[in-house]
Amino acid sequence: MSTARLEQLSKQYDGHLAVDRINLDIADGEFVVFVGPSGCGKSTTLRMIAGLERATGGEIWIDGKPANHVSPRDRDIAMVFQNYALYPHMTVAQNLSYALRLRNWSRADIDRRVTEVARSLDLAPLLHRKPSQLSGGQRQRVALGRAIIREPKLFLMDEPLSNLDAKLRVQTRAEITRLQRSLGITTIYVTHDQTEAMTMGNKIVVMNGGRIQQADTPQQLYQHPANTFVAQFIGTPPMNLLRCRLEPQDGAIVARGAGVNIPIRLESLTVLRPKIRDGEFLIGFRPEDIVMDPGAAGNGVTGSADVIEGLGHESLVSVKEGENAFIARMSPENAAPIRLGDRLSFSVNPDRLRFFSAESGEAIRVP
Amino acid sequence: MRNAPSARHGEAFLPNLSRIAGRLALAALILILCAIAVFPFYWMFVTSIRPSGQLFAYPPEMLPSANSVFSTYVTIFQDTALGTWLWNSIRVALGTAILASFIGAMMAYSLSRFRFQGRGFTEYLLLATQMFPGILLAMPMYVLFSKIGLLNSLPGLTVAYLALLVPVATSLLKTFFDGIPVALEEASLIDGASRIGTFFRITLPLSLPGLASTFLFCFIIAWDEYLFAQMFVRQPGNWTVSVGLASFSGEYVTPWDQVMTAATIVTLPAAIVFLFLQRYLVHGLTAGGVKG
């Protein structure tokens, strides 16, 4: 059982900062997912934890011990690679037992353990095959088996599902989650797919430009994104962000912008006002947090229907108004009568409104 | 509309015919090329077993004559030092091939896997060594070798060959190592192997085809080499077969039956090495290890 801790961890490649002073605590048994666009530094971070890349700054602690100068073989970690990295000249059984043979396990113990792991991953009939004789999904399971066979302190997974087809990916996703929960091994998982991140992790670390944007539970990340990057990266479709200003209206204060006219609560105003310098800010809400409401004309968001996408179980309606655009998620029945160019009005759930600085993109937390 | 099916049938029939014709033409071409390649060897062998009286018969006989003699294959070892030369050549060629492959593998691995100052320049230098004609290198090497006492010795000749072949072996093997996914080595490092353990357990077994072709290449070059061997080794006892073979051509007479017999014998070791290694040459061992 083990923990990991990153302190001011940095990696510089020829003058370019790939990972920029990140701090993170990973608790025992936690399933942490690093997610971000390509080039955000998530894989580099993972490879530094594995010991495959040397950190140019900061500290890595595994189980309370400094690990920066420990070689990969002595870190007691296991890693699943994006392209599986199975040893092509060895059979499945030899691939699985490689780490055990290096540790001088007895033949009997190796055989017993290989059989155990093969059974748990449904690999028993394939033990004598070479990797080239396996399907993508089978290779993936061998790679997983090679990682779990010696019960390491840490599991590291670098986009292990990205080479599988969509159906198999969903299956394996559940499989890995189940495996991790049952083994209870601390796991760090890297992906660029936010759905994978949301469904698998206890804790999600959103990275961009070498920095951690937010590290939190999936719920928190979805409901309270720390900035506009997280708001737009997590969720399909992303959070709607509309540009507006505070303006007085009938003795109250409203957020007003192209197609936006939303009253702001007094207690929110006291926090919001000092943080908006030049008057402009972004208002954010998820596509499911607005409801079509023809009566809401002066009290919500409005615009003309631009694109209508039917997904079967739901419809996504893109609405445009001047510089602002947003997407509404609704039932296919509600979307059916809508024609392109129709004027639509929506009321917004006031509890789900989020505010962001227009300059920095940072969230402004209001009561 | 009604004609369409039969028209399609006709169309399908015609390309079939032309495809067969094309195949036949290709097969014929391959056969002709093979014959051109094989004929000198055939002629070499046939001449070697022809009684000396019929060597210059005109018109030449294509088939081995009824009274073929194989005695030259025995007498040549008694009359000449061919046995010694063969043994010298085997030692030099094997030594060169083993050392060049080994040193080349080490160099190629570091060039392929590690980033260090001067890496690009080293690669450029490796290429640059191949730009000089042999004779240009032979002269300064001769001077150098005579100063340090490497002339007239088989180890000296091996060193000369290594100087020529290590850069080639390195370039050949580097291409090969570049093709082996780094992820395999990283997986092995994480699984608990050391860097050198990974090299021997993962990288080397996967590069067997590359090693085999490099070994073969170096062996054949060293086996056939004449210029350096002739310049650097003067004592007949230390000659290699290429020099020995050339010594058969006398000023007035060349015993063609002996030359051809020796030539046939000389071709054999290279052929044996090739047959032994050829199964590694064709195999793509890395298939299936990583995706994409």
All strands (runs of 3 or more DSSP E) inside segment A:48-167 with 1 or more residues being in the same structural domain as A:Asp20 (by TED's automatic domain parsing) and among the charged types (D, E, K, R): A:57-62, A:154-158
task: Could you check, for segment A:121-134, whether at least one of its residues is away from chain B (no Cβ under 14 Å), of a type outside the set (D, E, K, R), in contact with a Lys or Arg (Cβ under 9 Å, 6 or more places away or on another chain) and over 22 Å from A:Leu46 (Cβ atoms)?
output: yes
message: Quick check on B:Pro51: is it under 23 Å from B:Ala229 (Cβ atoms) and surrounded by fewer than 17 Cβ atoms within 10 Å (Cβ to Cβ)?
response: no
- prompt: Can you spot a residue in segment B:205-214 that is at the interface with chain A (Cβ under 10 Å from one of its Cβ atoms), under 30 Å from A:Leu154 (Cα atoms) and not polar (S, T, N, Q)?
  reply: yes
message: Step by step: first the residues of segment A:31-56, then only those that are under 19 Å from B:Arg115 (Cβ atoms) and away from chain B (no Cβ under 11 Å), then the one that is surrounded by the most Cβ atoms within 10 Å (Cβ to Cβ). Which residue is that?
response: A:Met48
- line: Being exposed (fewer than 11 other Cβ atoms within 10 Å of the Cβ) and of a type outside the set (A, V, I, L, M, F, W, C) narrows B:Asn88, B:Asn67 down to just B:Asn67
- request: Taking only segment B:182-203 into account, find how many residues are touching a Phe, Trp or Tyr at 6+ places or on another chain (Cβ under 9 Å), closer than 13 Å to A:His89 by Cβ, more than 7 Å from chain A (Cβ to nearest Cβ) and not charged (D, E, K, R).
  value: 2
- prompt: Which residues, taken from segment B:235-258, are in a helix (DSSP H, G or I) and out of contact with any Leu (no Cβ under 7 Å at 6 or more places or on another chain)?
  reply: B:Pro236, B:Gly237, B:Ser242, B:Val243, B:Leu245, B:Ala246, B:Gln258
field: Failed item in (1) more than 10 Å from chain B (Cβ to nearest Cβ); (2) crowded, with 22+ Cβ neighbours inside 10 Å; (3) under 30 Å from the mean Cα position of the chain (by Cα); (4) more than 19 Å from B:Glu185 (Cβ to Cβ), with A:Gln140 passing the rest
entry: (1)
- request: Restrict the check to segment A:101-116 and report whether at least one residue is over 23 Å from A:Arg141 (Cβ atoms), touching a residue at least 40 places away in the same chain (Cβ under 8 Å) and either away from chain B (no Cβ under 13 Å) or charged (D, E, K, R) (or both).
  value: no
message: Going residue by residue through segment A:22-33, is there one that turns out to be over 30 Å from A:Arg101 (Cβ atoms), in contact (Cβ under 8 Å) with a residue 40 or more places away in the chain and among the acidic types (Asp, Glu)?
response: yes
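The values are calculated or read from the model by the stated rules, or taken from the named source; none is laboratory data. Source: prediction; values computed, not measured. We place every Cβ from the backbone using ideal geometry, glycine too, and count neighbours over all the protein chains shown.
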